[in-house]
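Asks: Take this structure, written in structure tokens, and hold onto it; I'll ask about it next.
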Amino acid sequence: MHNRSLPPLLLLGIAAFTSLAGLPSAQSAEPSPIRKSLARISNTAQEPNYKQPWLPGFTGSSSGTGWVVSKDRILTNAHVVSNARFLTLEKENDPKKYIAEVEHVAHDCDLAVLKVQDPTFFTGTLPLELGSIPDIETEVSVYGYPIGGERLSVTRGVVSRIDFRPYAHSGIDSHLTIQIDAAINPGNSGGPVLQKGKVVGVAFQGFSGDVAQNVGYMIPTPVIRRFLEDIKDGTYDRYMDLSLSMFNTLNPAMRRGLGLPNDDRGVFVSSVASAGVCNGHVKPGDVILAIDSLPVASDGTVELEGERVQMAEVAERKFKGDSIRLILWRNRAQTEVTVPLSHAWPFAMQSNQFDVLPAYVLYGGLLFQPLSRNLLSTVQFQNPRLSYLFEAFVPRELYKDHPEVIVLSAILADPINTYLSEFKDGVLEAVDGTPVRTLADVAAAFAKSADFHVLKFIGNGRPLVLERSVVDAARERIRTRYGVRQEQLLETAAR
């Protein structure tokens, strides 16, 4: 499920849960073999360069925690290993550093599986067993490598809430989370959270600053199990999403107007995304009464495994190729539809992107890039239209006409573009009279033989005109001056 407004959550790229003063000791001490199955992960990462996409970005290092999830695989957070160039693992009482690489990564639920080059790493280790969702007010133990020392740290907290919340790593996805009343310090992101010797979650984020005290979150085992099941065929297909906007039906007058019985069931469908799986099966104005035989309450929750959770959680546990059954109230009568989960949400513009190089086209010193969360967070645009297009991309279905919103993000100063600054931050609408839908359209237009290229920008009455012979003459000069090794990369490429 996607969520476009996020609270100030903090990822624990190198984070840990601090211990709670005064807490009683765990009812049963965790067995010592657990320590042998943990790893400290060191990541030398290189960020993508969205300001100068032809150049490599900043290189830095961070650390986190991983643990043996099968006989030869390590589980950790996706944000611990994102943009990795070199990964090493260390374990207790072993001075050797083991080289690792990412085998599968799920940025939408912040999980990753690593494989280790040297199989001797797993000597003496045992896979940690997954448990169930812990009960509220029960105690859990958090394992990891917080700052302040090199050795493993074990702290404790109490489960205080089970909720459906945003995951800060992607910036848009929401999944099941478990809150524990422990503050978060740099050091052990990806570390297992255990109860009675079984893993009940993975530490991954918390609130920053003075927003909240002693609040941390872990990824619960239903999310972990789903990720591990998804990658069994060798690929990760991502989460399925119903792509619906819904309102509760708590208002009695609204229920009477819809002809609903007074049974506190159903949520009202206000919109159905045309690019989502429900298009053609569910209609705006429908009321969803049940999902896979589970009654949907008027606040949008269902009872699942003894807990009240958001209806979206039912769809989240499905996989690509599965289907989901919905009982609808349509035209004052019940009807049933089956929705095939044929594909994940296809447009990732509003989500943080990792492990990829940014796409771009550079022509005449003009840098064209697709609008994205990464680009907005990197470049300080002055055009308020870009913020609107970003926020409205999904709810107003701008993707129908613009699968990519192409922005003139920068101008590399040269005599041929000295008087073009008014077009910077503009959204490209057409080139030579042909509408621009994607970055590939821009590259194709510039590749055509023409004496002049006429560029039209949304909201700007005057066109931008480029003379091809002048651009060609300046091409090598601009490349040399700004260290441009490659003038275009048409798709967001894997690193």
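The values are calculated or read from the model by the stated rules, or taken from the named source; none is laboratory data. Because the structure is a prediction, the values reported are computed rather than measured. Methodologically, a virtual Cβ is constructed for each residue, glycine included, from the backbone with ideal geometry; neighbour enumeration extends over all protein chains shown.
Asks: Could you count how many residues in region 289-310 are in contact (Cβ under 8 Å) with a residue 60 or more places away in the chain and surrounded by 19 or more Cβ atoms within 10 Å (Cβ to Cβ)?
Replies: Final tally of qualifying residues: 2.
Asks: So which residues in region 146-187 are under 24 Å from the mean Cα position of the chain (by Cα), at pLDDT below 85 and assigned to a loop (DSSP other than H, G, I, E, B), if there are any at all?
Replies: Answer for region 146-187, where residues must be under 24 Å from the mean Cα position of the chain (by Cα), at pLDDT below 85 and assigned to a loop (DSSP other than H, G, I, E, B): Ala183, Pro186.
Asks: Could you tell me which of the residues Gly276, Gly280 is touching a Ser or Thr at 6+ places or on another chain (Cβ under 7 Å) and in the same structural domain as Met311 (by TED's automatic domain parsing)?
Replies: Criteria check complete, one pass: Gly276.
Asks: Would you check if Asp135 is closer than 20 Å to Gln353 by Cβ, of a type in the set (D, E, K, R), touching a strand residue (DSSP E or B) at 6+ places or on another chain (Cβ under 9 Å) and in a loop (DSSP other than H, G, I, E, B)?
Replies: no
Asks: If you scan region 79-106, which residues turn out to be of a type in the set (D, E, K, R), within 22 Å of the chain's Cα centre (by Cα) and either modelled with pLDDT under 95 or crowded, with 23+ Cβ neighbours inside 10 Å (or both)?
Replies: none
Asks: While we're here: Give just the number: which of (1) assigned to a strand (DSSP E or B); (2) touching a Pro at 6+ places or on another chain (Cβ under 8 Å); (3) in contact (Cβ under 8 Å) with a residue 60 or more places away in the chain does Val277 not satisfy?
Replies: Result: Val277 passes all but (1).
Asks: I'm checking my understanding of the structure. Among residues of region 394-424 that are surrounded by fewer than 20 Cβ atoms within 10 Å (Cβ to Cβ) and under 15 Å from Arg437 (Cβ atoms), which one is farthest from the chain's Cα centre (by Cα)?
Replies: The selected residue is Asp401.
Asks: Checking Gly190 against (1) touching a helix residue (DSSP H, G or I) at 6+ places or on another chain (Cβ under 7 Å); (2) modelled with pLDDT of 95 or more, only one condition comes out false. Which one?
Replies: (2)
Asks: If I ask for residues that are assigned to a strand (DSSP E or B) and of a type outside the set (S, T, N, Q), which ones from region 401-430 would you list?
Replies: Those that are assigned to a strand (DSSP E or B) and of a type outside the set (S, T, N, Q): Ile406, Val407, Leu408, Ala410, Ile411, Val427, Leu428, Glu429, Ala430.
Asks: Can you tell me which of Ala444, Ala474 is in contact with an Asp or Glu (Cβ under 9 Å, 6 or more places away or on another chain) and aliphatic (A, V, I, L, M)?
Replies: None of the other options fit; the residue is Ala474.
Asks: Here's something else I'd like to know. Specify which of the listed residues (Leu23, Leu10) is touching a strand residue (DSSP E or B) at 6+ places or on another chain (Cβ under 8 Å), at pLDDT below 90 and part of a loop (DSSP other than H, G, I, E, B).
Replies: Leu23
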